[in-house]
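The values are calculated or read from the model by the stated rules, or taken from the named source; none is laboratory data. Keep in mind the model is a prediction, meaning the values are calculated, not measured. With ideal geometry, Cβ positions are generated from the backbone for all residues, glycine too; neighbour counts draw on all protein chains shown. Calculation scope for accessible area: heavy atoms of the full protein, side chains included, ligands and nucleic acids excluded. Shrake-Rupley method; radii C 1.70, N 1.55, O 1.52, S 1.80 Å.
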Amino acid sequence: MKTNKTNTDRSHPDGSQYALRREGGCWLLTFRGWQSMFRHELGALYVACLLREPPGEPVHGVALALHSREKLGQPAGPAELVQQRVMGLEDAASVRALWRRQRELERVLADPLEIEPVKAEAQCELEAVTEHLRQSPWLSRRGAERCARAVAVAIKRLHTRLATAVDAGGRPDEVLRAFALHLGKHLLIPSGQGCGHIGKCVASVPTGCFTYEPPTGVVWEVQ
């Protein structure tokens, strides 16, 4: 990964020490007050989502992929659309919408103040939604695992490119490389996707889940 040397400095308009902002096909990074830029890729969207809202509990790769697309996604390019289709995100989004509707209908049926005609209609729709969910091939364990693996691969690919980034002159981009070290220690290793100094992977989350554990004082502004 090459960066433009003119985009690496120590200025930020609002004085933020840690910020990540997408600008079209690139991301503007502010890390410890220093700035640099890198090209957009799908893994950056997942990382940005975790930095923006560090999860209180580990988040599954499927939820991370969907949430990042909803909160931070801009119109996807052709390459991203292909990756999202391979991951089955459209199917996952449909399933999640049905889950939401299922909960809404269950609340209607449990409401003692709701009239019987409305409950009868809700019961019929609930049976249809439940049957549709039961027959959905995406609900197989394999589908969720495939999506989680794709998220992990995307994040690792971004990490590798950041860790080896050079500027336009071929010199190491110290800002991006420092950011890569930060992600390795506080995102990849806690998520079971990296290795510690003893050479063993240390995971604090279930398989297929991701988390971000920022050090004290690090708060990200992500747009």
Close pairs (6 angstrom Cβ cut-off, 6 or more residues apart or separate chains): more than 16 Å from residue 183 (Cβ to Cβ) in segment 21-45, surrounded by fewer than 22 Cβ atoms within 10 Å (Cβ to Cβ) and charged (D, E, K, R) anywhere: 26/39; 28/21; 33/10; 35/9
Condition broken by residue 88, with the remaining ones in (1) within 20 Å of residue 147 (Cα to Cα); (2) surrounded by fewer than 18 Cβ atoms within 10 Å (Cβ to Cβ); (3) of a type outside the set (Ser, Thr, Tyr); (4) modelled with pLDDT under 80 satisfied: (2)
Matching residues in segment 19-32 - criterion: being open to solvent by 10 Å² or more (accessible area, probe 1.4 Å) and farther than 10 Å from residue 222 by Cβ: 23, 24, 25, 26, 28, 32
Segment 207-220 residues that are of a type in the set (Asp, Glu), paired with ones that are open to solvent by 20 Å² or more (accessible area, probe 1.4 Å) (beta carbon under 6 Å, 6 or more apart): 213/186
Subset of segment 102-123 (residues that are of a type in the set (A, V, I, L, M, F, W, C) and either within 36 Å of the chain's Cα centre (by Cα) or in a loop (DSSP other than H, G, I, E, B) (or both)): 105, 108, 109, 110, 113, 115, 122
Residue in segment 163-172 that is surrounded by 13 or more Cβ atoms within 10 Å (Cβ to Cβ), modelled with pLDDT of 85 or more and of a type in the set (Ser, Thr, Tyr) present: yes
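Residues are listed down the side, and each one gets a yes or a no for (1) at pLDDT 65 or above; (2) open to solvent by 100 Å² or more (accessible area, probe 1.4 Å):
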position	(1), (2)
94	yes, no
98	yes, no
102	yes, no
110	yes, no
116	yes, yes
125	yes, no
129	yes, no
135	yes, yes
139	no, no
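When the residues of segment 152-178 are filtered to those that are of a type in the set (A, V, I, L, M) and touching a strand residue (DSSP E or B) at 6+ places or on another chain (Cβ under 7 Å), which remaining residue is farthest from residue 68 (Cα to Cα)? Walk me through it before giving the result.
Initially, segment 152-178 is screened for residues of a type in the set (A, V, I, L, M), giving 152-155, 158, 162-163, 165-166, 168, 175-176, 178.
Next, from what is left, pick out any that are touching a strand residue (DSSP E or B) at 6+ places or on another chain (Cβ under 7 Å): 162, 165-166, 168, 175-176, 178.
Details: 162: 20, 165: 24, 166: 27, 168: 30, 175: 24, 176: 22, 178: 24 Å.
Among residues in segment 152-178 that are of a type in the set (A, V, I, L, M) and touching a strand residue (DSSP E or B) at 6+ places or on another chain (Cβ under 7 Å), the one farthest from residue 68 (Cα to Cα) is 168.
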Close pairs from segment 147-168: first within 11 Å of residue 194 (Cβ to Cβ), partner assigned to a helix (DSSP H, G or I) and hydroxyl-bearing (Ser, Thr, Tyr), Cβ under 9 Å, at least 6 apart: 155/46
Qualifying positions in segment 50-60 - open to solvent by 10 Å² or more (accessible area, probe 1.4 Å) and either in a helix (DSSP H, G or I) or among the hydroxyl-bearing types (Ser, Thr, Tyr) (or both): 52
